[in-house]
Amino acid sequence: MKRAFLGALLLLPLAARPVEAAHWNVDYAKSRLGFIVAWSNEPFSAAFKSWQADIDFDPADLAHAHVAVTIDLASVASDEPDFDDGVKGPQGFGTKQFPAARFTVQNTVHKSGDNYVATGTLTIRGITRPVTLPFKLTISGHTAHMTGTASVLRTDFGIGQGTWAAPSPVAHEVSVVIDLTATQS
C-alpha cells in the first residue's frame, strides 16, 4: 500500500502539468499579413514586411491554443508606394508614437471541416478592440496552411484622423488578410 501511495505521489507532478499544444514556426517567406481598404472606390492593398507570430495550436485541443502576433507597423508597404508615408504618419498608424500592433487570440472554435473562428483582441495606436477572425486551416504532416480575413473599422483604432476621419475617400471598413504557412516544431 505504501509503495502504491509513493508511486502515485511521484506521478502527481506529471499529471498536474498543463497540456501543451503543438508549437508552429511561421515560414515568413511563404506567408503574408496585410490589409485591403477601398480608397476612392478602388481597392488599396498593403502588406507588413515585418511581423512575428507565436503559435501553439492543436486542432484536437483548442482549449490550450495560444496565438500572439506582433506587427511592425512601419514595415507597411502598399501597392501605391506614394501613399505609404501617409499610412505610417500621424493621421494613419502614427508609427513614431505607436510602432507596433498586437493581435492576441483568446478563444478558437472549430466550425466544420477546415473552418475555424478565432476571437481575440487587436491593439493599434494604444486602442484595444475585440476582433473575430474566421479562417481555414489545413494541416498536412508537419506543415499547416491558414487563410483568413477579419473585418475591422479603422476609426475604432483612431486610424484616419483629421481630414481622413470621413468614410471618403478611404472607407472605414478594412479587411485584414492573412495567408500563413508554418511548420510544427
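Rule-based calculations on the coordinates, nothing more; no lab input. Keep in mind the model is a prediction, meaning the values are calculated, not measured. Here the Cβ is made from the backbone with ideal geometry for all residues, glycine too, and neighbour counts use every protein chain on show.
For ASP27, the residues whose amide H sits under 5 Å from its own are THR181, ALA182, THR183, ignoring neighbours fewer than 5 places away on the same chain, with H placed 1.01 Å from N.
By the count of neighbouring beta-carbon atoms within 10 Å, fewest first, HIS64, HIS172 end up ordered HIS64, HIS172. Around the Cα centre of the chain, unit charges on the Cβ atoms of Lys, Arg, Asp and Glu (plus for the first two, minus for the last two) sum to a dipole of about 780 debye. Which one, GLY120, SER151, ASN41, is farthest towards the positive end of the dipole of the chain when Lys and Arg carry +1 and Asp and Glu -1 on their Cβ? Final value for the positive-end residue is GLY120.
Taking a ≥ b ≥ c as the square roots of the eigenvalues of the alpha-carbon gyration tensor, region 20-184 is classed prolate because a/c is 1.5 or more and a/b outweighs b/c. By the count of neighbouring beta-carbon atoms within 10 Å, fewest first, ARG129, ARG154, ARG32 end up ordered ARG129, ARG32, ARG154. At 7 Å along Cα-to-Cβ for each site, give me the label-to-label distance between ASP179 and ALA60 in nm. So the label points at ASP179 and ALA60 sit 3.1 nm apart.
Using the Cβ-Cβ distance between ALA77 and GLN161 with R0 set to 35 Å, the FRET efficiency works out to roughly 0.95. Taken along the Cα-to-beta-carbon direction at a fixed 7 Å, the label points for ASP114 and GLN52 span 3.0 nm. A dipole drawn for the chain from +1 and -1 charges on Cβ atoms has a positive end, and of GLN52, THR104, ALA77 the residue lying farthest that way is THR104. The GNM of the chain, with springs linking C-alpha atoms under 10 angstrom apart, assigns the highest mean-square fluctuation among PRO99, PRO81, PRO59 to PRO81.
Label separation (SER168 vs GLN106): 3.7 nm, computed from points 7 Å beyond Cα along the C-beta direction.
Relative to the dominant Cα principal axis of the chain, helix 2-16 is inclined by about 10°. Between the amide H of PHE93 and those of LYS88, distances stay under 5 Å, these residues lying 5 or more places away or on another chain, with hydrogens modeled in the peptide plane. When the chain is treated as a Gaussian network with alpha carbon springs shorter than 10 Å, the biggest mean-square fluctuation among LYS88, LYS136, LYS111 belongs to LYS111. Total lysine pairs in the chain at Cα distances under 16 Å, for residues eight or more apart or on different chains: 4.
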